[in-house]
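The values are calculated or read from the model by the stated rules, or taken from the named source; none is laboratory data. These numbers were taken from a predicted model, which means no experiment stands behind them. Quick reminder, even Gly has a Cβ in these numbers, built from the backbone with ideal geometry, and neighbours come from all protein chains shown.
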Amino acid sequence: MRCPFCGHEETRVIDSRYTDDMKVIRRRRVCEECGKRFTTYERADLNILVIKRDGRREEFRIEKIIEGIKKATQKRPVSLEEIEKIAESVEQDLRDRNLKEIPSEDIGREVMRRLKSLDSVAYVRFASVYMRFNDLEEFKRIIEEAEKEN
């Protein structure tokens, strides 16, 4: 592991712990060169390919889900913890389904389903990007769905 402070390649693990949900390992490290300490987090790789709309395939990355939800929840009363919880529950669903490939649309639907009950404005924002509305009527339909939930 490269030191983020000096770039030296020799670091030593001084403590390892699982997070509360046992899905991530937190490691405290110390650089052998500069002596500074830092924390890394390790998560198991799912090895799932996401099939994009244009047919490309790329590795599943939970960070992309988190970033999408962050954009949708910007300036909304939604904590980072709630955002990460949604992303982790989507990831867990994918693990449970034991898939090798999944269309990005399926992932988007799962995120939308969870956002709908958390924050209706974030739900509409996420849907507007994910669903690529062609006209105002489609947008109105999503807003009406969100209103029904509240």
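The set of residues in the range 14-51 that are surrounded by 12 or more Cβ atoms within 10 Å (Cβ to Cβ), in contact with a Lys or Arg (Cβ under 7 Å, 6 or more places away or on another chain) and over 25 Å from residue 81 (Cβ atoms) comprises 30, 32, 49, 51. Selection over the range 98-150 of residues that are aliphatic (A, V, I, L, M), closer than 17 Å to residue 71 by Cα and exposed (fewer than 15 other Cβ atoms within 10 Å of the Cβ) gives a count of 1.
Tell me yes or no: at least one residue of the range 108-117 is assigned to a loop (DSSP other than H, G, I, E, B) and under 13 Å from the mean Cα position of the chain (by Cα). No: the range 108-117 contains no residue that is assigned to a loop (DSSP other than H, G, I, E, B) and under 13 Å from the mean Cα position of the chain (by Cα).
Scanning the range 73-97 for residues that are free of Cβ contacts under 8 Å to residues at least 24 places away in the same chain and within 10 Å of the chain's Cα centre (by Cα), we see that the one that is surrounded by the most Cβ atoms within 10 Å (Cβ to Cβ) is 83. Among the residues examined, residue 25 does not qualify as assigned by TED's automatic domain parsing to the domain that holds residue 105 and within 25 Å of residue 107 (Cβ to Cβ).
Picking from residues in the range 52-72 that are of a type outside the set (D, E, K, R) and in contact (Cβ under 8 Å) with a residue 40 or more places away in the chain, the one that is surrounded by the most Cβ atoms within 10 Å (Cβ to Cβ) is 69. Among the residues making up the range 119-150, those that are outside any helix (DSSP H, G or I) and over 21 Å from residue 77 (Cα atoms) are 131, 132, 133, 134, 135. Taking the numbered list (1) in contact with a helix residue (DSSP H, G or I) (Cβ under 7 Å, 6 or more places away or on another chain); (2) closer than 19 Å to residue 148 by Cβ in turn, residue 65 passes all entries but (2).
Of all residues in the range 47-68, those being out of contact with any Asp or Glu (no Cβ under 9 Å at 6 or more places or on another chain), closer than 16 Å to residue 125 by Cα and not charged (D, E, K, R) number 1. The set of residues in the range 66-99 that are at pLDDT 90 or above and under 20 Å from residue 53 (Cβ atoms) comprises 67, 68, 69, 71, 72, 90.
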